[in-house]
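Inspection log for the structure reproduced underneath, given as structure tokens.
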Amino acid sequence: MSWFEYRNQVLCAESVSLAHIAKEVGTPLYCYSTAALKANYEEFVDAFRDRDVLIAYSVKANANQAVIATLSACGAGADVVSGGELQRALAAGVPGSRIVFSGVGKTFEELNYAINKKIFLINAESKSEIIEIEKIAKSKKRIIDIGIRLNPNTDAKTINQISTGKKEDKFGLTEKTFIELVKYAKNSKYVNLKCLSVHIGSQIVNNLPYEKMLKVIDRVIKKSNHKFEFVDLGGGIGIAYHNKTKKLNYKKYSISISKFLKNHNSKIIFEPGRSIIGDTGILISKIIYIKKTKSKDFIILDSAMNDLMRPALYGSNHKIIPVIKKGGSSKKTYEFVGPICESTDKFLTSKNFQKLKEKDLIIICDVGAYGMSLSSNYNVRPNPIEILIKGSKINIIKKRQKLIDLI
Ligand code: LLP
């Protein structure tokens, strides 16, 4: 949160007061910091710079055009999982030569579009998908570069709903099928197998799962007897949502990768999402009402689970702080909720919060990743406006949706 700091008791994004932004454009509002975005990207580049890497920003984390364009200008590629994300990445200026297409269910139309755009790599997840790619390649008299996604059966030790690398998960292929498909692809006239890909889950803060994953990849590559020009390690790098938690140690991860590369002369692809955009975004909300009960006070905000799904979907806790810090010793226990007719429309219960009143502004922290991208129009609620701060400049990067568009 270092790009969001209190100045004279008012929280600022870079050099802009958030109280001022909220007054200008209304609430709820997503606000991102360009400096934070660039700093996170550079930190990632630095941590893995001693080898040949492609950093393909995972667009699903935040698909705003300006976010993708900012990262692309820094040199990032893109990891996309739908024709829509692919079109956005291209429109934001990411060259096709830096785009990786992942996902378990790419349609014929999506594959055809990707092949027409000559993107860098398609990571296939089934034999049927490879056959579909071969059909398109044959009709265009081309050879298409592909990867095959391995399911390493590795527990990412993260929230169950966002774990993707265990054998019961729908993603990737078992070791046995993977090796069969390597043989199949090697004999194909229409595909060139150049990558092994994996992605074991998201919000991983411990290095052990990655170490285990690398051991499995090492064994499977040796067994497959194929030289993979690229190994795509996916994303998943976790961030510190709370003071008590730590983000993943890049250095340790980098050391494990170096060890792995001693046996394999491959280039590495990363698909980071959360670690690049997560802590660069906040959600500013206004208090509509305060409802007092015997045990706690409900703070009813103008943002809800449709704007930020993570607490309702995964039980995740995002820190909440006031826009204007007030002195005084009076502290309260508050339950921050939205106006939606669901009991899961609840963000956080916070003890020892400064005393609040109706119309005060609060901030929900670290929502740059999977905040806006998971939002919906549930209860016919228009999507919030999105702002990207650059120094003292306020750029509207997505207008507030109008109610009329939903009717
Ligand atoms: N690559 C693949 C193939 C993925 O499936 C994902 C995320 C990523 C890369 C990027 O992972 P990241 O670096 O952001 O962890 N909605 C959930 C997260 C779902 C992640 C889905 N796949 C959340 O809000 O926590």
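Only the coordinates and a few stated rules stand behind these numbers; no lab work does. Remember, it's a predicted structure, so these values are computed and weren't measured experimentally. All Cβ positions, glycine included, derive from the backbone under ideal geometry; neighbour counts span all protein chains shown.
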Crossing angle, helix 65-74 versus the chain [Cα axis fit, 0-90 degrees, rounded to tens]
60 degrees
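Run through the DSSP bridge list for the chain and note the antiparallel percent, rounded to the nearest 5. Write out the running numbers ahead of the final one.
Numbers: 35 of 72 bridges.
Here the share of antiparallel DSSP bridges comes out near 50 percent.
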The range 205-311: spread of alpha-carbon positions along the three principal axes, whole Å, largest first, is 66, 24, 22
Candidates Asn352, Asn207, Asn64; GNM for the chain (alpha-carbon contacts under 10 Å) flags as most fluctuating Asn352
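For the range 154-263, what is the Kirkwood hydrodynamic radius in Å, using each pair of distinct C-alpha atoms?
Working: mean 1/r = 0.0664 Å⁻¹.
That comes to 15.1 Å for the range 154-263.
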Any of Lys194/Lys246; Lys286/Lys331; Lys60/Lys267; Lys60/Lys194; Lys252/Lys398 with alpha carbons more than 29 Å apart? Name them for me.
Lys194/Lys246; Lys252/Lys398
Using only helices, what value at 222 nm comes out for the chain when you add -39,500 (n - 2.57) per DSSP H run of length 4 or more and divide by the total residues, to the nearest 500 deg cm²/dmol?
-8000 deg cm²/dmol
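Within 10 Å of each residue's Cβ, count the other Cβ atoms and sort Ile130, Ile324 from fewest upward. Mind dumping the intermediate values first?
Values: Ile130 22, Ile324 16.
Arranged by neighbour count, lowest to highest, Ile130, Ile324 become Ile324, Ile130.
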Just the Cα atoms of the chain: what Rg and Dmax do they give in Å?
22.6, 74
Sort Ser15, Ser350 so that the residue with the fewest other Cβ atoms within 10 Å of its own Cβ comes first and the one with the most comes last.
Ser15, Ser350
Over the range 339-407, what lengths in whole Å, largest first, do the semi-axes of the equivalent ellipsoid take, defined as the square roots of 5 times the eigenvalues of the alpha-carbon gyration tensor?
23, 21, 13
For the range 1-120, state the semi-axes of the equivalent ellipsoid (square roots of 5 times the eigenvalues of the alpha-carbon gyration tensor), sorted largest first and rounded to whole angstrom.
33, 19, 10
Distance from the range 68-115 to the range 210-232 (C-alpha centre basis), Å
25 Å
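Report the charge-dipole magnitude of the chain in Debye, nearest 20, computed about the Cα centre from +1 at each Lys and Arg Cβ and -1 at each Asp and Glu Cβ.
Numbers: 65 positive and 39 negative charges, 108 e Å.
Dipole size: approximately 520 debye.
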Using the alpha-carbon centroid of each, what span in Å lies between the range 353-407 and the range 239-254?
27 Å
Mind checking the angle between helix 175-186 and the chain's longest principal axis? C-alpha axes, 0 to 90 degrees, to the nearest 10.
60 degrees
Please compute the length gained on full extension between Ile288 and Arg49, using 0.36 nm multiplied by the number of residues separating them and subtracting their Cα-Cα distance.
81.3 nm
In nm, the gap between the two label points placed 7 Å beyond Cα toward Cβ at Lys157 and Lys359 is 5.0 nm
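Based on DSSP, what percent of beta bridges with both residues in the range 1-127 are antiparallel, to the nearest 5?
Details: 6 of 14 bridges.
Antiparallel bridges: around 45 percent, rounded to the nearest 5.
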Specify the angular offset, from 0 to 90 degrees and rounded to the nearest 10, of the alpha carbon long axis of helix 34-47 from the longest principal axis of the alpha carbons in the chain.
40 degrees
